[in-house]
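S.K.: Okay, here's the structure, questions in a sec.
The values are calculated or read from the model by the stated rules, or taken from the named source; none is laboratory data. The structure displayed is predicted, hence computed values, not measured ones. Neighbour counts run over all protein chains shown; Cβ positions are idealised from the backbone, glycine included. Protein only, heavy atoms only, side chains kept; ligands, DNA and RNA dropped before computing areas. Shrake-Rupley method; radii C 1.70, N 1.55, O 1.52, S 1.80 Å.
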Amino acid sequence: MPEERTVLHALHAELGARFTPFAGYEMPVQYRDGLRAEHLHTRSQAGLFDVSHMGQLRVTGPGLHAALERALPLDFEGWKPGVQRYSLLLNERGGIEDDLMVTALPGEVRIVVNAGCKQKDVARLRKLCPTLSFELLDRALIALQGPAAEAALALLHPGVKSLDFMQAATFDDLLISRSGYTGEDGFEISVSNREAETLARKLLANPVVKPVGLGARDTLRLEAGLHLYGQDMDADTAVTEASLGWAIARSRRAGGAKEGGFPGAERTLREAREGAARRLVGLVGEEAVPVRHGAPLVNSENREVGVVTSGTVSPSTQRAIMLGYVATGAPDQPLFASVRGAPRPVRIAALPFVPKRYRK
């Protein structure tokens, strides 16, 4: 089956993009300047990303918040319109079916889901919440990320200056949230397909804004210590294993006012209390050699104690950085990543690898 294309595909081609298949779409992986230049430009100025392959859901219906709380480990009490939160769609075994961005709006809730999970997420949510309507919107999604993002977007919509991190508001036909996937300050802009190219061209007309592909998006999110669904976690990965316990609302944790009551709660709360057999951690290589997804992690006795799930040489620090699962107890031992049969020394490091610069 041929890959789908976003409404900005022709613009990407005009800008010299090199394309790659991703989650059923033909997406720009990089442009003429290359991945490293795009990465560093986002860190220093502003990068524009087409993330229209992601799914955008509008959720409405009677008892909206209470129904969603039965499906997701959230608590809508005191959640003001315009506030956005990160959440997880879990299965009955406590595995992560997807990670989500959830925004409360007057009379509705918007949910952004991963591209490869759109159809299964909608089916699961409809099963868990049969009284609600889940509409998969046909809209584009553009991310503008970097320290110059606010100034660039404010030239078109001055009101975005008032948004703090994880807040959203409507500006004409746009829904703009102050959020992103790079560790930088920035915005995600939901725009109609009809207006998407016009908006992208207006932003790119500013010399501080350059187009950025999926390649740099991946290295940016890895430097920020952010998970990639399908690579760092999947439906067989539990919340505590993935080091995502913070994504469970406090009231839904053990002893909370709304303890449990969501799919997978029994395992989620048990492992939060007792620990898991493995945990996702940050790793730094002693050598500037890239260690890729799937590389085994071994101890000094060459016994496998984990696996790398994401890895690159950081364009910002020139160090090998990784996310990976390590067995409980293994962090106290010397660790090595097996790269083409050769052991490369690595050590556990605090996340993020590069400081986050969100506007709070």
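S.K.: Can you give me the number of residues within region 249-289 that are modelled with pLDDT of 95 or more and either surrounded by fewer than 16 Cβ atoms within 10 Å (Cβ to Cβ) or small (Gly, Ala, Ser) (or both)?
M.R.: So the answer is 22.
S.K.: Within region 47-87, how many residues are in contact with a Gly (Cβ under 9 Å, 6 or more places away or on another chain), over 30 Å from ALA196 (Cβ atoms) and among the aliphatic types (A, V, I, L, M)?
M.R.: Number of matching residues: 1.
S.K.: How many residues does region 139-171 contain that are part of a loop (DSSP other than H, G, I, E, B) and more than 24 Å from ARG221 (Cβ to Cβ)?
M.R.: Residues in region 139-171 being part of a loop (DSSP other than H, G, I, E, B) and more than 24 Å from ARG221 (Cβ to Cβ): 3 in total.
S.K.: Which condition does TRP246 not pass, out of (1) surrounded by fewer than 16 Cβ atoms within 10 Å (Cβ to Cβ); (2) over 22 Å from the mean Cα position of the chain (by Cα), if it passes all the others?
M.R.: (2)
S.K.: Quick one: VAL298 ticks every box in (1) open to solvent by 30 Å² or more (accessible area, probe 1.4 Å); (2) over 20 Å from GLU184 (Cβ atoms); (3) touching a strand residue (DSSP E or B) at 6+ places or on another chain (Cβ under 7 Å) except a single one, so which number is it?
M.R.: Going through (1) open to solvent by 30 Å² or more (accessible area, probe 1.4 Å); (2) over 20 Å from GLU184 (Cβ atoms); (3) touching a strand residue (DSSP E or B) at 6+ places or on another chain (Cβ under 7 Å) one by one, VAL298 breaks only (1).
Residues are listed down the side, and each one gets a yes or a no for (1) crowded, with 17+ Cβ neighbours inside 10 Å; (2) in contact with a helix residue (DSSP H, G or I) (Cβ under 9 Å, 6 or more places away or on another chain):
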site	(1), (2)
ARG58	no, no
GLY61	no, yes
ALA67	yes, yes
ARG93	no, yes
ILE96	yes, no
ASP99	yes, yes
GLN119	no, no
ALA123	no, no
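S.K.: Please find, among SER162, SER192, SER133, the residue that is open to solvent by 10 Å² or more (accessible area, probe 1.4 Å), without any contact (Cβ under 8 Å) to a residue 40 or more places away in the chain and over 27 Å from ASP232 (Cα atoms).
M.R.: Among SER162, SER192, SER133, only SER162 is open to solvent by 10 Å² or more (accessible area, probe 1.4 Å), without any contact (Cβ under 8 Å) to a residue 40 or more places away in the chain and over 27 Å from ASP232 (Cα atoms).
S.K.: While we're on this one: Do any strands (runs of 3 or more DSSP E) lying entirely in region 1-58 carry at least 1 residues that are under 14 Å from ALA200 (Cα atoms), and which ones are they?
M.R.: Output list reads 46-50.
S.K.: Right, next: Just checking, how many residues over region 33-75 are out of contact with any strand residue (DSSP E or B) (no Cβ under 9 Å at 6 or more places or on another chain) and more than 30 Å from GLU266 (Cβ to Cβ)?
M.R.: 5
S.K.: Taking ARG32 as meeting all but one of (1) farther than 30 Å from SER133 by Cα; (2) crowded, with 17+ Cβ neighbours inside 10 Å; (3) among the charged types (D, E, K, R), write down the number of the exception.
M.R.: (2)
S.K.: If you go through region 214-243 one residue at a time, how many are acidic (Asp, Glu), open to solvent by 10 Å² or more (accessible area, probe 1.4 Å) and within 19 Å of GLU38 (Cα to Cα)?
M.R.: 1
S.K.: Select from region 318-335 the residues that are open to solvent by 60 Å² or more (accessible area, probe 1.4 Å) and either part of a strand (DSSP E or B) or under 27 Å from LEU40 (Cα atoms) (or both) and list them in ascending order.
M.R.: If the condition is that a residue be open to solvent by 60 Å² or more (accessible area, probe 1.4 Å) and either part of a strand (DSSP E or B) or under 27 Å from LEU40 (Cα atoms) (or both), then GLN318, ARG319 are the ones that fit.
S.K.: Follow-up question, since we're still on this one. Can we say ILE348 is closer than 18 Å to LEU222 by Cα, open to solvent by less than 50 Å² (accessible area, probe 1.4 Å), aliphatic (A, V, I, L, M) and touching a strand residue (DSSP E or B) at 6+ places or on another chain (Cβ under 9 Å)?
M.R.: Considered against the rule, which asks whether it is closer than 18 Å to LEU222 by Cα, open to solvent by less than 50 Å² (accessible area, probe 1.4 Å), aliphatic (A, V, I, L, M) and touching a strand residue (DSSP E or B) at 6+ places or on another chain (Cβ under 9 Å), ILE348 comes out as no.
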